[in-house]
Structures are given as C-alpha cells and as structure tokens.
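The values are calculated or read from the model by the stated rules, or taken from the named source; none is laboratory data. What you see is a predicted model; the values in this text were computed from it and never measured. Counting neighbours? That spans all protein chains shown, and the Cβs are built from the backbone with ideal geometry, glycine included. Only protein heavy atoms, including side chains, enter the accessible area calculation; ligands, DNA and RNA are left aside. Shrake-Rupley method; radii C 1.70, N 1.55, O 1.52, S 1.80 Å.
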There are 2 protein chains.
Amino acid sequence: MTKTITLAQGNGGAENAELISNIFYKHFKNETLAKSEDAAIIEGGRLAFTTDSFTVSPIFFDGGDIGKLSICGTCNDLAMMGAKPAYMTCAVIVEEGFSVADLETIVLSMKKELEINGAQIVCGDTKVVPRGSVDKIFINTTGIGIVQKEGISSNCVSEADVIIVSDQIGRHGATIFAAREGMRFSSALQSDCASLWPLVEKLLDEGIAITAMRDATRGGVAAVLNEWAKQSNVCIEVNDESLPVSDEVRGICEILGFEAYTLANEGTFILAVKSEDAQRTIDILHRFEEARHAAIIAQVTHQYDGRVVLLNGWGSKRFMDLPTGELLPRIC
Amino acid sequence: MTKTITLAQGNGGAENAELISNIFYKHFKNETLAKSEDAAIIEGGRLAFTTDSFTVSPIFFDGGDIGKLSICGTCNDLAMMGAKPAYMTCAVIVEEGFSVADLETIVLSMKKELEINGAQIVCGDTKVVPRGSVDKIFINTTGIGIVQKEGISSNCVSEADVIIVSDQIGRHGATIFAAREGMRFSSALQSDCASLWPLVEKLLDEGIAITAMRDATRGGVAAVLNEWAKQSNVCIEVNDESLPVSDEVRGICEILGFEAYTLANEGTFILAVKSEDAQRTIDILHRFEEARHAAIIAQVTHQYDGRVVLLNGWGSKRFMDLPTGELLPRIC
C-alpha cells in the first residue's frame with residue numbers, strides 16, 4: 001500500500017477494497033464483517049444494520065440532493081438484504097456559514113424519502129465546524145432494518161441464477177460528473193437516486209426466489225459483479241448489448257472514454273434470481289417507474305471462477321475488471 | 001434563528017438545542033426523538049441505538065485520539081441508557097494525503113476500546129475526499145446496545161434522587177483547549193476519555209437504583225443538569241464546592257475565565273440515584289481508577305422547576321444556565 005491515502009482508495013473499486021481489507025477488516029476482524037454484505041445481519045438474522053457517510057458534491061444535483069441521497073443510500077443497503085428500513089440515525093457535520101434555508105431543504109428531502117421507506121430518524125448528532133474544516137455539509141445515516149427474507153447473500157450466487165439490472169445504468173455518476181464540469185445536457189440526464197424498498201417489497205411479496213441483491217453505487221455494475229464473482233466463486237458472463245444505457249449517459253461516456261458500467265448508481269440495483277423466476281422478476285420491476293428498463297444482463301457459469309466476462313455481439317469476450325484509479329471522488 | 005449556521009449552534013448548549021429543535025426535531029418528529037435521551041430505545045425497550053460524528057482537533061491529544069474517542073463516545077451513550085454496547089458501525093471520511101500509519105494507529109485505538117466494551121464493528125464505510133474538503137479525518141460511529149436495565153431516563157429525575165458526578169470535571173475540554181493554543185502544562189493534564197460500560201455494569205450488578213445517567217460531553221456538567229432539570233421539571237441545586245476539579249483544570253479556567261462545569265468531558269458522567277443508594281454508588285465508583293473522585297454534587301428540589309441553581313459556601317446562590325456562545329468547536 002501507499003504511505004498516504006489516495007483518492008483511488010475511495011473509489012469503490014480495487015484500491016478501496018485493498019484499503020478496507022488491510023486496515024479495517026484486518027483489525028476489526030469478525031465473522032459478520034467477513035461476509036462483506038451491503039448490511040450486517042445481526043440478532044440471529046432478525047435485523048440488518050448498515051452505515052454510510054455522504055460527501056457528495058455538488059450537494060444539490062439533477063434528480064436529488066445530499067438529503068435524499070443520504071436516506072436512499074442507507075435504506076437501499078437494508079433493502080438489498082431483504083430488510084424493511086425501520087430505525088435511522090442522522091449525523092450532520094456542517095460548516096459555519098452554511099445556509100439555514102439549504103439545511104432545511106435537505107432535511108425536508110430526507111423526511112420525504114423516509115416516508116417512502118416507512119422509516120424514522122430516532123436519534124441524531126449535529127456538529128458545526130469552522131470554515132475550512134469541511135466543504136459545506138457531510139451527512140452520515142445509519143439504519144436498522146427488519147429482515148423480511150433471510151438468506152439473501154452475495155456469497156450464494158450460482159449457475160442456477162441469472163443476473164438482472166433494474167434500470168439504465170450510470171446515471172448518478174454521469175449527472176454528478178456533468179454538474180461538476182459545468183456541462184449542459186438535456187434535462188433528460190438526471191441521477192437515478194431513489195428508494196428501492198417499495199420494489200424489493202413487491203418482489204418479496206410475489207415470492208421471487210432472490211439469491212442476491214446489491215445497489216450498484218461507487219464502482220458501478222462492474223464493482224458489484226466482480227465482488228459477487230469473487231465472493232461466490234463463480235464466473236459472471238455479461239452480454240454487453242443487454243446493458244441498458246440511456247443516450248445521455250452513452251454520450252458522456254463516448255466523449256470522456258468512460259464505461260457506463262463503472263459509473264455510480266443510486267437507485268439502480270443488480271439482482272441474482274433463480275432463472276425460472278427471471279421473467280416474472282422483469283415483469284414486476286417494469287410496473288415501477290424506477291425500473292422501466294429492467295433487463296437480464298448476465299448468466300452465471302464456471303468458465304473463469306472469480307471473474308466477470310464481457311461478451312459483445314460479435315462473439316468476442318474480455319474481462320470486466322474491478323474498476324481502478326481515481327474515478328470520481330465525492331460521488332456519494 | 002440566524003440565516004446561516006454559526007459555531008455557537010454546535011456548542012452542545014442553548015443555540016445547539018435551538019437548531020436541533022427548529023430544524024431536525026421539527027421535521028423528523030416522532031415519539032422516540034421527543035424523549036431526547038442519550039440513545040434511542042427501540043424494539044420494545046430491548047435495544048438502545050445512538051450515533052455520533054467525531055471531528056476533534058487535534059486528532060491525537062493527551063489521553064486519547066479520535067479513534068479512542070469515537071468508540072468511547074458512542075459506547076458511553078449506550079451505557080448511559082443501561083445498555084451493554086454490542087454492534088457498532090464505523091464510517092470514516094479521510095482527506096487525500098492522510099498518513100496510512102496514522103490511520104492504522106487510530107484503528108488500533110478503536111480496536112482496544114472495542115475490547116473494553118465487548119463490542120464489535122459489524123459494518124463500515126470509507127470515503128476519501130480531495131484535499132480541502134475535510135480537515136484530516138472525521139469518524140462516525142453508530143452503536144446498538146442490549147438494554148440491561150429498562151427505564152433509565154432523563155425524564156424521571158425527582159426529589160428522591162441525589163446527583164453524583166463520577167470524577168473530576170472539564171478535563172477533556174481543558175486538554176483540547178491547551179493543545180490547540182500550544183499551552184504546555186504538567187503531564188497531569190489529560191483528557192478523561194474512557195469507556196464507561198465497565199463502571200455502569202458494576203453499578204447495575206450491585207443493584208443500584210439508577211434514575212438517570214449522562215456523560216457530560218459538549219456543554220459539560222451545566223448542559224446535562226439543565227437538560228435534566230427541564231426534562232424532569234425539577235430544580236437541581238448544585239453545591240459549588242463539591243464539584244471535583246483538578247488543579248490543572250482550575251488553573252486553565254482561572255487564566256481564561258471559563259467555568260469548569262461548562263467544559264467537555266469524555267469519560268466523566270452524571271448520575272441521578274435514589275438517595276438511599278448514594279453512598280453505595282460512591283463506594284463502588286471509587287473502586288475504579290476512572291472514578292476516584294466520584295462525589296455527590298447536587299440535590300433535587302422544586303425551588304425553581306426547570307432550572308439549575310449553584311450554591312456557594314457562603315450561602316449565596318445563582319443560576320447555572322445552559323452554556324451559550326461559541327465555546328470550543330471541534331471538541332469531539
């Protein structure tokens with residue numbers, strides 16, 4: 001490892017995983033941490049528990065703000081473990097001189113999103129720091145969810161599953177990038193920031209055999225699929241042409257040389273479901289505005305265990321690796 | 001309220017309470033929040049849940065560092081509700097360029113303190129932000145504790161109770177202040193930063209009738225006593241001469257015109273116990289190195305409900321109000 005922390009170590013990709021493993025997992029070692037799920041499962045499987053700090057810049061963006069993001073992000077991590085979001089904490093670090101009206105707007109965004117999830121903020125913390133100690137506002141939310149379906153796990157993906165993505169990918173990353181660079185696009189480009197519990201609840205109610213779910217945040221689809229391939233020791237074969245990408249995101253990717261599957265999402269998730277339930281899953285997801293473009297994107301094989309393979313329409317294949325490098329800091 | 005956030009709004013005192021009430025409580029309103037306890041009591045009284053973000057500067061100080069503080073602070077909030085710390089989250093926001101060796105030192109401090117509490121980090125989050133977005137490192141910890149004794153509450157203090165402080169007051173605040181100002185004192189001045197669960201566990205094991213407990217962090221003893229007086233609608237009469245203050249803290253206070261009872265503590269707590277258990281409480285506390293100076297400091301009356309009165313040795317009295325003004329930012 002490097003001697004000082006680098007931006008790449010916060011990318012949600014390879015360097016980030018190395019930092020977490022070499023510093024945090026190494027010293028905090030325990031069975032729950034070792035599972036590397038989106039949320040820890042505690043109390044004999046009854047509760048899910050997860051935390052996220054939000055440092056997004058700009059704090060207001062097309063499709064959301066840091067408040068909405070802070071509730072979606074944490075509630076989605078609970079939903080991805082089949083848990084209904086219930087109790088939340090809210091810890092705000094705000095810079096001296098920050099607008100009180102903006103703070104209230106952010107809190108109202110949080111409130112609205114809490115209602116969608118049926119969750120409550122039950123405790124909080126507020127720190128005000130002098131100018132220069134923090135850039136505007138950072139929010140940590142930590143959530144407890146009530147597990148509705150046990151056993152959902154990134155460690156259990158198998159050849160019996162197919163891989164589905166819930167909507168067009170890369171929109172949050174592209175939106176933040178465009179805002180940061182002052183690029184102007186049609187209003188069609190906006191973050192996918194959304195709460196996923198209503199969709200997950202419906203899938204569970206309909207009895208879909210879900211093996212794993214994960215929202216494709218930092219590091220995008222590539223990060224999730226690589227983690228699953230490694231954790232479940234399988235090969236995930238992605239059909240490049242099946243990845244739903246909007247024209248706006250495709251445009252930004254072409255200009256800048258990005259791959260949409262490495263860009264962050266904040267309301268788009270990946271599912272591994274038993275293949276017999278795949279079509280029914282797609283049909284249910286399509287009923288939701290946030291999942292109109294849900295599609296099967298990959299099969300699970302044992303061709304290259306622990307790796308993700310990208311197949312193009314011409315029959316050629318290459319590895320889709322865990323993203324590396326700086327990517328985009330302060331994306332979430 | 002002001003139109004922009006002020007440092008005073010993070011002081012743990014009057015302006016902080018106003019901000020929390022007018023923005024956060026107002027919009028997040030629910031029964032659990034309304035109780036204003038150190039930790040939320042959830043799941044039918046079985047679990048306690050609390051969060052804290054740590055922004056202390058300097059990050060290494062006499063008696064601790066931001067890592068030790070981040071575990072003590074959150075575990076103590078659980079202990080204050082009679083809950084045994086169990087599951088913790090750790091969310092780190094670190095500046096690009098931060099020393100990896102320093103990060104590991106901080107994580108090792110956390111590990112050591114987790115062991116004292118018998119708690120585990122079960123999930124985490126790591127964000128790296130560009131230089132200038134954060135000053136060095138901020139850590140959020142959120143904890144779940146298993147309630148061992150129900151009913152401990154700041155809303156239940158009555159004339160049947162006496163008020164005890166567990167040790168000499170103001171040491172954390174004085175230490176951070178001295179470090180920030182480059183003041184040199186004898187090595188005897190150090191933060192009281194410590195985990196309180198072992199002390200609380202002993203008090204519970206011995207069957208002490210504890211009405212309320214609170215660690216006297218931001219805003220110090222004055223903030224805790226004022227909150228209790230208001231929440232329980234009683235008058236707390238403090239005997240000024242009974243407040244244990246070390247020579248070093250007294251010296252800093254005299255030079256700078258502070259009152260030790262407004263300075264932050266990070267391992268010193270206030271208890272309200274039934275008067276018949278007072279002496280036994282003191283005796284138990286005195287067995288611990290961290291509570292050698294435990295003393296009865298106040299009686300509960302109805303002379304001025306909702307207020308704290310400070311009595312001096314000459315028989316004069318004045319109100320000890322909730323601290324106001326900037327106090328010391330980034331104390332925790």
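Numerical summary
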quantity: Some residue of segment A:286-301 being open to solvent by less than 10 Å² (accessible area, probe 1.4 Å) and part of a helix (DSSP H, G or I); calculated: yes
quantity: Residue match in segment A:184-194 (condition: part of a helix (DSSP H, G or I) and either over 20 Å from A:Pro58 (Cα atoms) or in contact with a helix residue (DSSP H, G or I) (Cβ under 7 Å, 6 or more places away or on another chain) (or both)); calculated: no
quantity: Test result for B:Glu266, out of contact with any Pro (no Cβ under 6 Å at 6 or more places or on another chain) and assigned to a helix (DSSP H, G or I); calculated: no
quantity: Neighbours by Cβ (under 9 Å, 6+ apart or cross-chain): first from segment A:4-32, more than 21 Å from A:Met320 (Cβ to Cβ) and of a type in the set (D, E, K, R); second assigned to a helix (DSSP H, G or I) and open to solvent by 30 Å² or more (accessible area, probe 1.4 Å); calculated: A:Lys26/B:Glu104
quantity: Residue count for segment A:40-49, restricted to those that are free of Cβ contacts under 8 Å to residues at least 40 places away in the same chain and either within 7 Å of chain B (Cβ to nearest Cβ) or outside any loop (DSSP other than H, G, I, E, B) (or both); calculated: 2
quantity: Failed condition for A:Val245, given (1) at pLDDT below 95; (2) open to solvent by 10 Å² or more (accessible area, probe 1.4 Å); calculated: (1)
quantity: Any hit, segment B:311-321, residues being farther than 23 Å from B:Ile331 by Cα, loosely packed, with under 15 Cβ neighbours inside 10 Å, modelled with pLDDT of 95 or more and within 22 Å of the chain's Cα centre (by Cα); calculated: yes
quantity: Residue ranges of strands (runs of 3 or more DSSP E) in segment B:50-158 with at least 3 members at the interface with chain A (Cβ under 9 Å from one of its Cβ atoms), open to solvent by 10 Å² or more (accessible area, probe 1.4 Å) and free of Cβ contacts under 8 Å to residues at least 40 places away in the same chain; calculated: B:120-129
quantity: Residue identified as at the interface with chain B (Cβ under 10 Å from one of its Cβ atoms) and part of a loop (DSSP other than H, G, I, E, B) among A:Glu37, A:Glu15; calculated: A:Glu37
quantity: Residue, surrounded by the most Cβ atoms within 10 Å (Cβ to Cβ), within segment A:23-34, restricted to residues that are more than 8 Å from chain B (Cβ to nearest Cβ) and under 17 Å from A:Glu227 (Cα atoms); calculated: A:Tyr25
quantity: Yes/no for B:Gly306 being modelled with pLDDT of 95 or more, crowded, with 23+ Cβ neighbours inside 10 Å and not in a strand (DSSP E or B); calculated: no
quantity: Residues being assigned to a helix (DSSP H, G or I) and hydrophobic (A, V, I, L, M, F, W, C) - total across segment B:217-240; calculated: 7
